[in-house]
Amino acid sequence: MKLFLNELSLCPVADSKNSAIERMAVFAKTVSVARQKGFRNIQCDYSVNAILLAQQYSLFDWLNDYSVSREYRDFMYGVIIPPYIDEEDSEFEKYMDAVITFENSEYNDSIRELILVETTLNPEDKIIRLADHHGKSELQELCAQIKYNPYVEEMYSTDWGGNRFIRKIFMNGIVEIVLYKTQRKYALKVKTTGRNLRETQKIAKILEEKFNH
């Protein structure tokens, strides 16, 4: 079974921005429960710009709204994908490589020169938070290496699973890495200096080329 977001899911839109934010908080919690039951993504025919939560307030706006809890926004980034993309299919990887920008009438990353920003944090000052499980030592070994990368700021353990080193790339600078060669496929959420999807994809590629061995 798969989860879909369609025109029935979008109507009626909320009567205000605040109401839309409240709905999305409930929605994020619902999606969290669904993921615990094995659902990984929500498939949708629309782009995030086309999904209206309220008048003049789209899902894209919500994802970039700093008044919204970052916990909810970080969780929902990258959850919605086109219906023809299967995460376990090679087409999913092609899709992630091809998408370099979210359409925005005021700003288009694809025409900007790509300049990556290095963190000001020293490697020993970077936050590393790992859950206490059997894969902790393996994740610690990886963290001990990638903390020296100038584009990495924080590292956290996250839900396991995935068949490739880079599992997900988010436009807020988050990259999910999977130790896919381990038995349980332990995973790590890495906060990078990426300021948009294009920069984060570039950083993810750098990490994969350096540490996927």
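Residue-by-condition table, conditions (1) buried (at least 19 other Cβ atoms within 10 Å of the Cβ); (2) hydroxyl-bearing (S, T, Y); (3) touching a Phe, Trp or Tyr at 6+ places or on another chain (Cβ under 7 Å):
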position: Y151; (1), (2), (3): yes, yes, no
position: G162; (1), (2), (3): yes, no, yes
position: R167; (1), (2), (3): yes, no, no
position: F170; (1), (2), (3): yes, no, yes
position: I177; (1), (2), (3): yes, no, yes
position: K181; (1), (2), (3): no, no, no
position: A187; (1), (2), (3): yes, no, yes
position: R195; (1), (2), (3): no, no, no
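Tell me, which strands (runs of 3 or more DSSP E) wholly within the range 120-213 include 1 or more residues that are more than 25 Å from A34 (Cβ to Cβ)?
On the way: elements: 127-129, 152-158, 166-169, 174-178, 187-192.
Hits in the range 120-213: 127-129, 152-158, 187-192.
Only one of (1) at pLDDT 90 or above; (2) out of contact with any Pro (no Cβ under 6 Å at 6 or more places or on another chain) is not met by K147, so which one is it?
(2)
For every residue, the table says whether it meets (1) of a type outside the set (F, W, Y); (2) assigned to a loop (DSSP other than H, G, I, E, B); (3) modelled with pLDDT under 75; (4) surrounded by fewer than 16 Cβ atoms within 10 Å (Cβ to Cβ).
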site	(1), (2), (3), (4)
F4	no, no, no, yes
V48	yes, yes, yes, no
W62	no, no, no, no
P83	yes, yes, yes, yes
E91	yes, no, yes, yes
S110	yes, no, yes, yes
I115	yes, yes, no, yes
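The values are calculated or read from the model by the stated rules, or taken from the named source; none is laboratory data. Keep in mind that this is a model prediction, so the values were computed, not measured. Heads up, the Cβs are rebuilt from the backbone with ideal geometry, glycines too, and the neighbour counts pull from every protein chain shown.
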